[in-house]
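This report concerns only the one structure given below.
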Amino acid sequence: MKSIRAGGVVLNAENNIALANEHLWGFPRGGVDEGEDYITTAKREILEETGLEDFTYIQELGSYERYPNGITVETPGSFPMEIHMFLFKTSYNGDLNPTDKNVIEADWFTYEEALEKLHNDVDREFLINHWVKIEEINNEIKRG
């Protein structure tokens, strides 16, 4: 049994990454509602957790599994999250204003800052493993 989630790495024009703090810093993401596909979930979660309304889907980045923060494979009754991630771009560089009342704050971070802010090691590893690909895609977009 797994908890299916979807979310995104959102880059702005300055190549900063949007992260959300829902008690701990992480990518904007959340549970897939019944009847929802992964990309729809990712877009909804980005809107709710960052307040961003104007952003563009670029491509799928893949998926990974991890346990919720504070939970391990040894925790009785625990099961991992399967997280499907997508790359998005926005031209917006201003303040982020989450609409989800459970999100304490959201902000933009450079790649290096994001690595420091991301609370979960598996999230951090995902960003590290995909950053070269993300930069290549971003450079292609800039060249037009």
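Read-outs: derived from the displayed coordinates by stated rules, not from any lab. The model shown is predicted, which means the values in this text are computed figures rather than measured ones. Cβ coordinates were reconstructed from backbone atoms using ideal geometry, including for glycine residues, and neighbour counts include every protein chain displayed.
State the answer as a single residue: which of 11, 97, 109 lies farthest towards the positive end of the charge dipole of the range 3-143, with beta carbon charges of +1 for Lys and Arg and -1 for Asp and Glu, about the Cα centre. With unit charges placed on the Cβ atoms, the residue in question is 11.
Please report, in debye to the nearest 20, how large the charge dipole of the chain is about its Cα centre when each Lys and Arg carries +1 at its beta carbon and each Asp and Glu carries -1 there. Walk me through the intermediate numbers first.
Working: 13 positive and 28 negative charges, 47 e Å.
Taking the Cα centre of the chain as origin, the dipole is about 220 debye.
Annotation: aspartates and glutamates with alpha-carbon distance below 13 angstrom to residue 89 (same-chain offsets under eight excluded): 14, 53, 54, 60, 135, 140.
One decimal place: the segment residue 111-residue 24 gains 29.6 nm when fully extended, by the rule 0.36 nm per residue minus the C-alpha distance.
Compute the length gained on full extension between residue 129 and residue 143: take 0.36 nm times their separation in residues and subtract their Cα-Cα distance, giving the result in nm to one decimal.
Details: separation 14, 0.36 × 14 = 5.04 nm, distance 2.34 nm.
Gain on stretching residue 129 to residue 143: 2.7 nm.
Relative to the compact-globule estimate of 2.2 N^0.38 Å, the Cα radius of gyration of the chain comes out at 1.00.
Can you give the calculated 222 nm mean residue ellipticity of the chain, where each DSSP H run of n ≥ 4 adds -39,500 (n - 2.57) and the sum is split over every residue, rounded to the nearest 500 deg cm²/dmol? Display every interim value, and only then the final one.
Working: 3 runs with 43 residues, N = 144.
Calculated at 222 nm, the ellipticity per residue is -9500 deg cm²/dmol.
Sites count as exposed loop sites when they are trypsin sites (Lys or Arg not before Pro), lie in a DSSP loop, and have at most 12 other Cβ atoms within 10 angstrom; the longest stretch of the chain without one is 3-100.
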